[in-house]
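Enquirer: This structure is in structure tokens; I'll ask about it shortly.
The values are calculated or read from the model by the stated rules, or taken from the named source; none is laboratory data. Source: prediction; values computed, not measured. All Cβ positions, glycine included, derive from the backbone under ideal geometry; neighbour counts span all protein chains shown. We work out accessible area using only protein heavy atoms, side chains counted, and drop any ligands, DNA or RNA first. Shrake-Rupley method; radii C 1.70, N 1.55, O 1.52, S 1.80 Å.
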Amino acid sequence: MKHIQTINKAQLAVSAAKGGCGQCQASCQSACKTSCTVANQKCEHEKKD
Amino acid sequence: MIHTYQMNGYNIVMDVNSGGVHVVDTLTYDLLQYIAEPVPETCPPEALAALSERYAEADILECYGEILELVHAKVLFSEDTFAKYADFAVPSPIKALCLHVSHDCNLRCAYCFASTGEYGGGRKLMTAETGKKAIDFLVVNSGDRVNLEVDFFGGEPLMNWDACKEIVAYARSIEKSVNKKFRFTMTTNGMLLDDEKIDYLNKEMSNIVLSVDGRPEVHDNMRPCPNGSGSYDRIMPAFRKLAALRGDKDYYVRGTFTKHNLDFSEDVFHLYREGFDQISMEPVVAPADQPYALTEEDLPAVFAEYEKLADRILENEKNGGWFNFFHFMIDLDHGPCAIKRLRGCGCGNEYVAITPDGDIYPCHQFVGQENYRMGNVFDGTFNQELKAKFAKAHVGTKPACRNCWAKFYCSGGCNANNYFYAGDILNAYDLSCQMQKKRLECAIMMQVARYERKQSAE
């Protein structure tokens, strides 16, 4: 494309269909404890398998 | 829904429901300001009329064609299809504990949310017996979750060192038979760290959070010892040693910035220069009448400083340096699934805090709030109604979040902050939201810059 560059796979909806196993870390346990950022957590789905 | 913004010379377009991130030219950026959903198959006449003075009509139409292509590919103005996952908002197994092994502290941090460690309930240490009961409670309530996290928290957890070790030993002794994997973490101020503890923590803790605010004068101003002297010189040699011996295991040096150090990028870079490469620096959360509290009037300075920090980190990377800043960490392709993002932090549902008396609260920040006491590990009580209430606290039920572009990144914010500063766990705490959005914009801009750098290198 000439005007637009897409920089990622944009698969949020796909991840919903495959997701929800719940094996990932609770976000507050990582390094915040006073705020919440969920998007920087790792997916643990593959590790579980 | 889309979110458009300009930063560091980039025109950035985020597609909220697909998670798509696009970098666009100025024409596209301007054109998008005239497009609303449902996106028409032909360019809106008002857009053509408004932009034709600055751009050739053929270019506008060509650009509109590209926009439509992305709309059809469902990565721009994509539909919200998440309603069908509404059943995620049900009580879930518990997978994480914040274990308050010490309601006592050997520092007197001015901004402490825990009333210098005692949480309003007196100075107490958790017995190993209570800790073991808490571990049993976690196992029994964890359902099919395999990875279970236990954070040794306080006050200062190292003030109760022997109990910490006994609790770890107990959990390890039952790990196989209950088919769980315990991941221990600790949040410490470092005052009692010595070689023996460093060695043990580096073996047993999957993550260690080391509390330090940055430059010596900034740190000592907010984190003094009970006698008023500074704590920086005491903790830093041990922190450096622990990080150096940590190997590939996770750790963070974690600081808090306040109104007194709105130039907090200096503190982040101070920690980097001191040899740390995993750094977190968070805005203080405090009542507005406190002299160190961040208020609405500080936001322009905070925003500018976040942008400056993002620039400095990119510049450092360009020069071959590297460190990870927790709040700018984002993986646009392999981040958490949308269900996790919809669920949010999970406090009170997947995550609870347990006090020295064995009382259960939704998270560490709710400790001491009698109306949020969920039960006790000794008498077996556990308020399922309250658990269900927290399960339902997510971006779909928080009115301010539903139409917010950042909802899949912050996932509804901190329920405790919402409760204490906006009156209800379902009310967004605006000051916090505004800073979170700025951090996200910076984080995504940095991903764009890195993408471009990689492209031009290839």
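Enquirer: Read phi for every residue in the range B:278-295 and hand back ³J(HN,Hα) as whole Hz from Karplus 6.51 cos²θ - 1.76 cosθ + 1.60, θ = phi - 60°, with x for Gly and Pro.
Expert: Per residue, the Karplus-derived 3J(HN,Hα) values read 10, 10, 10, 9, 10, x, 5, 10, 7, x, 4, 7, 7, x, 8, 5, 7, 10 Hz.
Enquirer: Another one. How many angstrom lie between the C-alpha centres of the range B:151-199 and the range B:257-278?
Expert: Cα centroid to Cα centroid, the span is 28 Å.
Enquirer: While we're here: Find how much the distance from residue B:52 to residue B:195 grows on full extension, using 0.36 nm per residue of separation minus their present alpha carbon separation; answer in nm with one decimal.
Expert: 44.5 nm
Enquirer: Next question, about the same structure. Once every DSSP H run of n ≥ 4 in chain B is given -39500 (n - 2.57) and the sum is divided by its residues, what mean residue ellipticity at 222 nm do you get, rounded to the nearest 500 deg cm²/dmol?
Expert: -11500 deg cm²/dmol
Enquirer: At 7 Å along the Cα-to-beta-carbon direction for both residue B:430 and residue B:227, put a label point, then send me their distance in nm to one decimal.
Expert: 4.7 nm
Enquirer: Another question about this same structure. Report the label-to-label distance for residue B:166 and residue B:403 in nanometres (one decimal), using points 7 Å from each Cα along the Cα→Cβ vector.
Expert: Label at residue B:166, label at residue B:403, 5.7 nm between them.
Enquirer: Translational diffusion coefficient of the protein assembly as shown at 37 °C, 0.692 mPa s, Stokes-Einstein with Kirkwood Rh over Cα pairs, in µm²/s as a whole number.
Expert: The Stokes-Einstein estimate is 137 µm²/s.
Enquirer: So, one more: Long-range amide H contacts for residue B:181: which residues qualify at under 5 Å (H placed 1.01 Å from N, peptide plane, sequence gap of 5 or more or a different chain)?
Expert: Amide H neighbours of residue B:181: B:147, B:148.
Enquirer: Within a 10 angstrom radius of each residue's Cβ in B:441-449, how many Cβ atoms of other chains show up on average? Whole number is fine.
Expert: Going residue by residue through B:441-449 and averaging, the value is 1.
Enquirer: Just grab the label-to-label distance for residue B:26 and residue B:262, each label 7 Å out from Cα along the Cβ direction, in nm (one decimal).
Expert: It is 3.1 nm.
Enquirer: Taking the highest mean first, how do the peptides B:217-226, B:338-347 order by number of other beta carbon atoms within 10 angstrom per residue?
Expert: Averaged packing, sorted descending, gives the order B:338-347, B:217-226.
Enquirer: Please list, or write none, the lysines whose alpha carbon is within less than 26 Å of the alpha carbon of residue B:124, excluding same-chain residues fewer than 8 places away.
Expert: Excluding near neighbours in sequence, the set is A:33, B:95, B:132, B:133, B:165, B:197.
Enquirer: Here is a follow-up. Within 10 Å of each Cβ in B:405-413, how many Cβ atoms from other chains are there, averaged over the peptide?
Expert: Counting other chains' Cβ atoms within 10 Å and averaging over B:405-413 gives 3.
Enquirer: Enumerate the whole-percent occupancy of each 5 Å bin, from 0 to the last occupied one, for all C-alpha pair distances of the range B:87-236.
Expert: Going out from 0 Å in 5 Å bins, the range B:87-236 shows 2, 9, 18, 19, 18, 14, 9, 6, 4, 1, 0 percent.
Enquirer: While we're here: Would you please give the FRET efficiency between residue B:86 and residue A:9, computed as 1/(1 + (r/R0)^6) with r the Cβ-Cβ distance and R0 = 25 Å, to the nearest 0.05?
Expert: About 0.50, to the nearest 0.05.
Enquirer: Given a 1.4 Å probe and no ligands, DNA or RNA in the count, how much accessible surface is buried by A and B, both sides, to the nearest 100 Å²?
Expert: 5200 Å²
Enquirer: Roughly how crowded by other chains is peptide B:69-76, in terms of the mean Cβ count from those chains within 10 Å of each of its Cβ atoms?
Expert: 3
Enquirer: If R₀ is 60 angstrom, what is the calculated FRET efficiency for the pair residue B:10 and residue B:108, using the beta carbon separation as r and rounding to 0.05?
Expert: FRET efficiency, residue B:10 to residue B:108: 0.85.
Enquirer: Roughly speaking, what is the stretch gain from residue B:1 to residue B:181, that is 0.36 nm per residue apart minus the C-alpha to C-alpha distance, in nm to one decimal?
Expert: Here the answer is 60.8 nm.
Enquirer: In the range B:278-363, what percent of the accessible surface is made up of carbon and sulfur (1.4 Å probe, ligands and nucleic acids excluded)?
Expert: Here it works out to 49 percent.
Enquirer: Within straight cross-link reach of residue B:308, meaning Cα distance under 12 Å, which aspartates and glutamates are found once same-chain residues fewer than 8 apart are removed?
Expert: Result set, ordered by chain and number: B:263, B:266.
Enquirer: May I pose another question? Could you pull out every residue, at least 5 positions away or on a different chain, whose amide H is within less than 5 Å of the one on residue B:106? Hs are placed 1.01 Å off N in the peptide plane, and Pro or chain starts have none.
Expert: Here B:156 satisfy the definition.
Enquirer: Out of the DSSP beta bridges found with both residues in chain B, what percent are antiparallel (nearest 5)?
Expert: Percent antiparallel among DSSP bridges in chain B is about 35.
Enquirer: Enter the accessible area per residue of the protein assembly as shown (Å², integer; probe 1.4 Å; all protein chains in place).
Expert: I get 40 Å² per residue for this part.
Enquirer: Which of the pairs B:84/B:249; B:74/B:407; A:18/B:392; A:9/B:438; B:180/B:241; A:18/B:398 have their Cα atoms more than 27 Å apart in this structure?
Expert: B:84/B:249; B:180/B:241, as the Cα separations exceed 27 Å there.
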